[in-house]
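To start, the structure itself, in structure tokens.
The values are calculated or read from the model by the stated rules, or taken from the named source; none is laboratory data. Predicted, not measured: the structure shown is a model, and the values here were computed from it. Neighbour counts run over all protein chains shown; Cβ positions are idealised from the backbone, glycine included.
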Amino acid sequence: MMREEMIKLPKIELHCHLDGSLSQEFIERRLGRHVRKEELSVSDDCRSLAEYLEKFDLPGQCLRDERGLEEAGFDVLKSMSRENVCYAEIRFAPLFSETASMSCTKAIEALLKGMEKGKQTFGIEYGLITCAMRHHSEEENLRMIKAAREFLGAGVCAADLAGAEASYPMTEFMNLFQNARRIGMPFTIHAGECGSAENIKTAVDAGAARIGHGIAMRGHADLIRELAQKKIGIEMCPISNLQTKAVPGPEAYPLREFIDGKLLVTVNTDNRTVSNTTMTKELEFIQKMYNITDEEILLMMKNAADVAFTDDAVREKLYRKLEGK
Ligand SMILES: [Zn+2]
């Protein structure tokens, strides 16, 4: 596909963090000062996850009041609309926005207000995924998920588990997700990004409908078969995964292996600004690097529609969009 066609292609994005995807323009406006690109995005030779995580400092400061959250929701959908994203699931951690005067509920409400405005302005369907964090207590995470549950079907579409995967085994979160299931909250889990294949297996056993990254599944044919059979969506983020060294080098990236293993692979940006990427850039990159065909690009968009946390009416709309109707 040529650049022009790639930009025009209707896209579905399922794994995009709000704080890592805010435009430079938005951040400068909120902070009231000029920021250098290096303060927000990693260089091409990003050395480590630590270097990657540093870039979340400034955007985080913009998400601690209602106006910032509302404008942020609008800002990300605006960036996405420029490359024809027609459906987006955006994720954020409400507990990070909490202050004395801001509850999880207020933070979610403010962000949804901005996203709803973005939907009206740019015609993008959206869902909000609220992230529990591994370093937060079970009590705090459950409180957040219960608050988010009140908005399920009214902007919020699912929960997630994010944060330092290598430091906290998945088994510590079984109880949290049992409770999430009990209250009817669907969820995806970051697993196998820098952790083990075992984490992926445990996340699926905990009830995750999708897996964020799942890279550690490479070489585990049995697990690939199991997740393919269970129709678990795999949210891959190629450029981010290479920057954070989730694999030793580009040749070890398991995209081709996962597609051939019939997994429901989707391609996403993870962090548009921090990773200096877009959906268009990701798709061009995988075509060039991994000989992904145009048909496979379309298949991955259809996979994304299949596993999106949305209702059948929106899903049908997405299938029609992808078919160019
Ligand atoms: Zn992520």
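If the condition is being closer than 15 Å to ASP205 by Cβ and touching a Leu at 6+ places or on another chain (Cβ under 9 Å), then segment 219-233 contributes LEU227, ILE232.
Among residues of segment 180-196 that are under 14 Å from VAL156 (Cα atoms) and among the hydrophobic types (A, V, I, L, M, F, W, C), those with a Cβ under 9 angstrom from a residue that is in a strand (DSSP E or B) and within 12 Å of the ligand (Cβ to nearest atom), sequence gap 6+ or separate chain, pair up as PHE187/ILE129; PHE187/ASP160; PHE187/LEU161; PHE187/ARG210.
Scoring THR310 on the criteria (1) over 23 Å from SER81 (Cα atoms); (2) polar (S, T, N, Q); (3) more than 16 Å from the ligand (Cβ to nearest atom); (4) crowded, with 17+ Cβ neighbours inside 10 Å leaves a single failure, condition (1). Screening ALA88 with (1) in a helix (DSSP H, G or I); (2) in contact with a helix residue (DSSP H, G or I) (Cβ under 9 Å, 6 or more places away or on another chain); (3) within 16 Å of the ligand (Cβ to nearest atom) gives one miss only, at (1).
Residue pairs whose Cβ atoms lie under 6 Å apart, sitting 6 or more positions apart in sequence or on different chains, and linking a residue in segment 155-174 that is at pLDDT 95 or above to a partner that is charged (D, E, K, R), are ASP160/ARG91.
If I ask for residues that are touching a residue at least 40 places away in the same chain (Cβ under 8 Å) and either touching a helix residue (DSSP H, G or I) at 6+ places or on another chain (Cβ under 8 Å) or of a type in the set (A, V, I, L, M) (or both), which ones from segment 38-61 would you list? If the condition is that a residue be touching a residue at least 40 places away in the same chain (Cβ under 8 Å) and either touching a helix residue (DSSP H, G or I) at 6+ places or on another chain (Cβ under 8 Å) or of a type in the set (A, V, I, L, M) (or both), then LEU40, VAL42, CYS46, LEU49, TYR52, LYS55, PHE56, PRO59, GLY60 are the ones that fit.
Per the listing PRO250, PRO238, PRO254, the residue uniquely touching a Lys or Arg at 6+ places or on another chain (Cβ under 7 Å), closer than 22 Å to ALA166 by Cα and not aliphatic (A, V, I, L, M) is PRO254.
Can you tell me how many residues in segment 98-138 are of a type outside the set (Asp, Glu) and farther than 23 Å from CYS237 by Cβ? Walk me through how you get there before you give the answer.
Narrowing segment 98-138 to residues of a type outside the set (Asp, Glu): 99-108, 110-115, 117-124, 126-137.
Restricting the remaining residues to those that are farther than 23 Å from CYS237 by Cβ gives 99-108, 110, 112-114, 117, 119-121, 123, 137.
Count: 20.
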